[in-house]
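A.B. asks: Input: one structure, supplied below.
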Amino acid sequence: QVHLVESGGRLVQAGDSLRLSCAASGRTFSNYAMGWFRQAPGKEREFVGAISRYGSLTYSIDSVKGRFTISRDNAKNTVSLQMSSVKPEDTGVYYCAASSRGYGRKDQASYDYWGQGTQVTVSS
């Protein structure tokens with residue numbers, strides 16, 4: 001069992017930066033590739049990006065590429081999503097998730113554990 005807790009979500013203005021964190025506890029954190037997802041109001045949850053078990057590989061969707069950066073610190077059991085130049089369309093609940101099936105999975109079914117989410121609201 002892996003317990004994930006996201007934090008850092010808040011109300012920001014377009015163009016601002018913020019950093020989301022996800023703290024993990026339970027099983028060995030480095031055994032899991034990690035992903036970030038988000039769910040905008042009235043929309044389905046979508047994949048945002050992923051990071052490999054030891055952080056050497058990252059991937060993000062085109063709409064956030066160059067603005068969002070995913071990193072992890074296995075010594076601290078945390079994964080982060082650094083968001084810059086945010087846009088109103090980045091508004092949503094952001095979730096981190098852990099996958100034992102390997103890096104880069106975009107489908108939610110590949111993730112074994114999920115956090116409860118943190119709300120990000122970007123005003124124009």
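A.B. asks: Suppose all protein chains stay in the model; what accessible area per residue would a 1.4 Å probe give for the stretch 4-115, in Å²?
C.D. replies: That works out to 49 Å² per residue.
A.B. asks: Sticking with this one: Would you list 38, 53, 45 from the most to the least accessible area, probe 1.4 Å?
C.D. replies: Correct descending sequence by accessible area is 53, 45, 38.
A.B. asks: Sum up the lysine pairs in the chain that clear both bars: alpha-carbon distance under 24 Å and a spacing of 8 or more or different chains.
C.D. replies: 6
A.B. asks: From largest to smallest, what semi-axes in whole angstrom does the stretch 48-124 give when each is the square root of 5 times an eigenvalue of its alpha carbon gyration tensor?
C.D. replies: Ellipsoid half-lengths, sorted descending, are 21, 14, 13 Å.
A.B. asks: Shifting gears a bit: Using a simple charge model, +1 on the beta-carbon of Lys and Arg, -1 on the beta-carbon of Asp and Glu, nothing else, what dipole does the stretch 61-115 show about its Cα centre, in debye to the nearest 20?
C.D. replies: The calculated dipole for the stretch 61-115 is roughly 140 debye.
A.B. asks: With the Cα gyration tensor of the stretch 1-104 in hand, give its eigenvalues times 5 under a square root as the equivalent ellipsoid semi-axes, listed largest first in whole angstrom.
C.D. replies: So the equivalent ellipsoid measures 22, 13, 13 Å along its semi-axes.
The values are calculated or read from the model by the stated rules, or taken from the named source; none is laboratory data. Small disclaimer: the values here were computed from a predicted structure and weren't measured. Cβ: placed from backbone, ideal geometry, glycine included. Neighbour counts: every protein chain shown. Ligands, DNA and RNA are stripped out before the accessible areas are found, and what is left, the full protein with its side chains, is counted by its heavy atoms. Shrake-Rupley method; radii C 1.70, N 1.55, O 1.52, S 1.80 Å.
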